[in-house]
1. Using each residue's phi in region 307-312, evaluate 6.51 cos²θ - 1.76 cosθ + 1.60 at θ = phi - 60° and report the 3J(HN,Hα) Karplus result to the nearest Hz, with x for Gly and Pro.
2. For a test of the definition: using alpha carbon positions, the gyration tensor, and the 1.5 limit on a/c, classify region 256-299 as rounded, prolate or oblate.
3. Can you sort C157, C96 by 1.4 Å-probe accessible area, starting with the largest?
4. Report D for region 91-143 in µm² per second (integer): Stokes-Einstein, Kirkwood Rh on Cα pairs, 4 °C, 1.567 mPa s.
5. Which of A263, A125, A316 moves most in a GNM of the chain, Cα contacts under 10 Å?
6. Quote the accessible area belonging to D305 in square angstrom, nearest 10, computed with a 1.4 Å probe and with ligands, DNA and RNA left uncounted.
7. To the nearest 20 debye, what is the magnitude of the charge dipole of the chain about its Cα centre, counting +1 on the Cβ of each Lys and Arg and -1 on the Cβ of each Asp and Glu?
8. Among V84, V218, V38, which one shows the highest mean-square fluctuation when the chain is modelled as a Gaussian network with alpha-carbon springs under 10 Å?
Amino acid sequence: PNNPDVLYAGTGDLRFGSFGFGSNGLLKSTDGGETWSVKGETVFNPFYPPSAGGFPQYQAIGQVDVDPNNSGIVYVGTKTGLFVSYDAAETFVGPCLTNNFTSQRQDITGLLMRDLGSTTELVAAIGTRGFETTVQPDLNQNGANGIYRAAAPTSGCPSNWTAISRPDNGWPAGSAAGAPTPSNSLGRIDLAIAPSDPNVMYAQVALINRASPTIRGVWRTANGGETWTNPTPGDISGAGTQSWYNAGMSVSPADPNTVFLSAFRTFRSTTGGSAFTTTGSFPHVDHHARTFVAGDPNQALLGTDGGVYYAGNALAASPSWVSLNSTLNTIEFYSGGITAN
C-alpha cells in the first residue's frame with residue numbers, strides 16, 4: 001500500500017474443486033508488473049502429504065496482504081495456515097495457525113489488515129468448504145471455520161489469536177469451536193473491509209449443502225469485530241449454487257455501506273448488506289474478483305471465468321461492463337491420454 005510499484009501475486013487454486021492446482025510460490029514485482037520474480041518456491045511447495053493411499057494434495061495460496069505500517073512484512077494465507085515474511089518475501093516463517101484445532105483443515109479464505117494508526121491488526125478467516133470430494137476427502141473437516149484476529153507481531157508467528165465469530169456476538173453455535181459439520185455450519189468465508197472506516201467489515205459465508213451450496217448469508221460488523229449482525233440472513237436470488245467456488249466482496253472506497261459481492265454473477269448493496277441487487281448483465285458467469293480503480297467508487301474491475309471487465313459507472317442501476325480481454329493471453333490448453341480400451 002505504500003509503494004504501488006510493488007505487487008504480490010499468490011499462485012495455486014484455493015477454490016475447493018475436486019482437483020486443486022498446486023502453488024509455484026509467491027510472485028513479486030517491483031516495477032508495477034513489468035517483470036516478476038518467484039519467492040518462497042520451496043516454502044509454498046505444491047505437494048503436502050496426502051491421506052494414506054489417497055490422491056496427492058497440493059498447496060495453494062488463497063490470500064496475500066502487506067502490513068500497511070511496514071511494507072517489509074508480507075502475510076500469505078494458504079491451505080495449511082498463514083505464513084509471514086519480515087524481509088519483503090525473501091524468507092518466511094510458518095505455517096502459523098489462528099487456532100488450536102490441529103485436526104481440522106486450516107484453509108485461509110479471508111485476510112485483512114486493519115490499520116489502527118501506529119499498529120496493525122490481522123483478521124483472518126478459516127473457510128474450508130465443508131463437504132468432501134473423492135480427491136480431497138478431508139474438506140468436511142471445517143471445525144476451525146470462523147474469523148480470528150491478532151495483533152501484528154514484529155517477529156515470528158502471531159500468537160495472540162482470538163475468535164471474533166462466536167455465538168455470543170452474532171454467529172451460529174459451533175462457529176470457530178473445533179467440531180466439524182454439522183456442529184460448525186459455516187462453509188467458505190470471504191472478508192472485506194471498508195477503506196473509509198476500518199471498523200466496518202463484511203463476511204460472506206457459503207452454505208454447506210452438497211446439492212445446493214449457495215450463499216448462507218452476509219455478516220457485518222461496525223466495531224472491528226466485537227459484535228456482528230446478519231443483515232442478509234439467507235441466499236441472494238440469482239447467486240447460484242456453487243458458493244464454495246464463486247465468492248468475495250469489495251467495499252466502496254467512499255462509502256462503508258456500499259459493497260460489491262461476487263457469486264454466479266456480481267451483486268451490489270448500498271444499504272450495508274441488507275439488500276443486494278445484480279449489477280447488470282455479463283457475457284460470462286462465475287465471478288471471483290473485483291476492485292475499484294484509483295480509489296474511485298465509480299470505476300470497477302471484475303474478474304470472472306471469462307476474463308476481465310470494466311465499468312466507469314459502477315454505481316449506476318445497470319453499469320456498462322466492457323470486456324478487456326482482447327489483449328489478454330487467457331487460453332488454457334488441456335492435455336489428455338487415450339487408453340487401450
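The values are calculated or read from the model by the stated rules, or taken from the named source; none is laboratory data. Keep in mind it's a predicted model, so treat the numbers as computed, not measured. Glycine also receives a Cβ, built like all others from the backbone with ideal geometry; neighbour counts cover every protein chain displayed. The accessibility values were calculated without ligands, DNA or RNA, using every heavy atom of the protein model including side chains. Shrake-Rupley method; radii C 1.70, N 1.55, O 1.52, S 1.80 Å.
1. x, 10, 9, 10, 9, x
2. Oblate, since a/c reaches 1.5 and b/c is not below a/b.
3. C157, C96
4. Estimated diffusion coefficient is 100 µm²/s.
5. Its mean-square fluctuation being the largest, the pick is A316.
6. For D305, solvent-accessible area is about 70 Å².
7. Magnitude of the dipole: close to 800 debye.
8. Between V84, V218, V38, it is V38 that shows the largest mean-square fluctuation.
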